[in-house]
Amino acid sequence: MTIKSLLLGSAAVLALGTSAQAADPIAVALDTCDLLNITGLTISSESNCLKFEGEVSYEWDWDIDASTTDSDFNWELTTTATADSDFGPAMAVFTLENENSGSLNSDVDITTAYVGIGDASSTVLYAGLKGTIANTDDAAFLTAMFDFELVDTLGGAQVGGHVIQVSSSLGDGVNVGLGLEGLETSGNATLVGSVSADQDWGTAHATFAFDDLIGGGASVWGIHAGATFNASDDVTIVTAFVTDNTSAWGALVSAEASFDMFTVAAGFVTDSTTAWDFSVSGVADLDDSTTLTAGFNVDEGSNWQFGLEGEFALSDTLTATAGVTHASAGSLTTFSSELAWAPGGGFESSVGLTADSASNIALSTSFEKSFE
């Protein structure tokens, strides 16, 4: 029995039971989106719920010392049509997107267009133009400044694009996924698999990708694994490791500790080329409206930089930030400030000013409205 049939049957029983006690019959109308527990900006038909979400943004920047300006608008619209089925929700999803458009007329890209069926609490099948199921989380510094991420290309394997994927929940926060990806290239199929866990102790994952499964060409593969451990209520540790068929590898470790007013964090990342970066930061919440952040970074070439930033909540909707950074490379000092306004309704805007010791001065503005 489908969810719709069950709820419509319950509604009918309720209506009949009530009419036995009243002179006039009572009609009960149930919306398809309500039946599927889908909220937001929706349109409902007899069998489908159509949900819309997206955003529109605009940026204008003025390079004052160079007397040049840059104007860009961006927008994105995602539509999801969902209906009930015997196997769980059946969906069709497509996303239209336009990024970094500086002209009045520009191309619109279809960035996702796929179908899916199944319940997220059990098993879901996906097919079409979609992102990869490869999991590369748990791989970023916890530092508040000069943060780094362990970037992994999975050995250069072709992932995402045209895909056929299956994702399953095994219960207790454990999920597995398997898919064929990169199918838009003739004669190519990349086998991608992932397993992840979300427990009280933290999160962890492992992902592999094996390219050219059908073509029989060069064996290109990559592995990405990482974990975030809640060592205690106040201490968090992140570890990650990547490697591929070329024997290249990368490793990252980061930790964060929170106290009454302070949060300190550090991170270290390195790879098989002996390159490395180390960062440390501290955050102090002086009161409900003032936060100070300091950070320091150094790499294998003895290049270093430090920064100091203050954030001030002027009101419930207005926030000001001001900061300074200094880098040993070129002995460059940069001053920055920003005023951000978030009045609600999904609208955000900001205006910022940066200036450095090389006499570069720039003004930036941004405006954005999201909806769902």
Once phi is turned into ³J(HN,Hα) by the Karplus curve 6.51 cos²θ - 1.76 cosθ + 1.60 with θ = phi - 60°, what whole-Hz value does each residue of the stretch 289-295 show in order, with x for glycine and proline? 10, 10, 10, 10, 10, 10, x
Counting only residues 5 or more places away or on other chains, whose amide H sits under 5 Å from the amide H of ASN245 once H atoms are built in the peptide plane? TRP221
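Need the full-extension length gain, VAL351 to LEU213, defined as separation in residues times 0.36 nm minus the C-alpha distance. One decimal, nm. Walk me through the numbers on the way to the answer.
Details: separation 138, 0.36 × 138 = 49.68 nm, distance 4.98 nm.
Extra length available between VAL351 and LEU213 comes to 44.7 nm.
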Let me check against my output: what whole-number percent is the relative contact order of the chain, with C-alpha pairs under 8 Å and at least 6 apart? 12
Simple SL model, points at 7 angstrom along Cα→Cβ for ASP63 and SER370; separation in nm is 3.0
Please report, in whole Å³, the volume per residue of the convex hull around the C-alpha atoms of the chain. 222
Between the stretch 213-256 and the stretch 142-164, how many Å separate their Cα centres? 10
Which of ASP138, ASP233 has the fewest other C-beta atoms within 10 Å, and how do the rest follow up to the most? ASP233, ASP138
Using +1 at the Cβ of each Lys and Arg and -1 at the Cβ of each Asp and Glu in the chain, identify which of THR80, GLY310, THR203 lies farthest towards the dipole's positive end. THR80
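Give, in nm to one decimal, the length gained when the segment between PHE262 and TRP75 is fully stretched (0.36 nm per residue of separation minus the Cα-Cα distance). Could the numbers behind the result be given before it?
Values: separation 187, 0.36 × 187 = 67.32 nm, distance 3.83 nm.
Stretched fully, the PHE262-TRP75 segment lengthens by 63.5 nm.
Kindly put LEU180, LEU308 in sequence by how many other C-beta atoms sit within 10 Å of each C-beta, fewest to most. The partial results should precede the final answer.
Details: LEU180 18, LEU308 14.
Ranked by crowding around the Cβ, least crowded first: LEU308, LEU180.
Taken together, the values in this text are just the output of simple stated rules run on the coordinates, not laboratory data. Only a predicted model underlies this, so the values are computations on that prediction, with no experimental measurement involved. Glycine also receives a Cβ, built like all others from the backbone with ideal geometry; neighbour counts cover every protein chain displayed.
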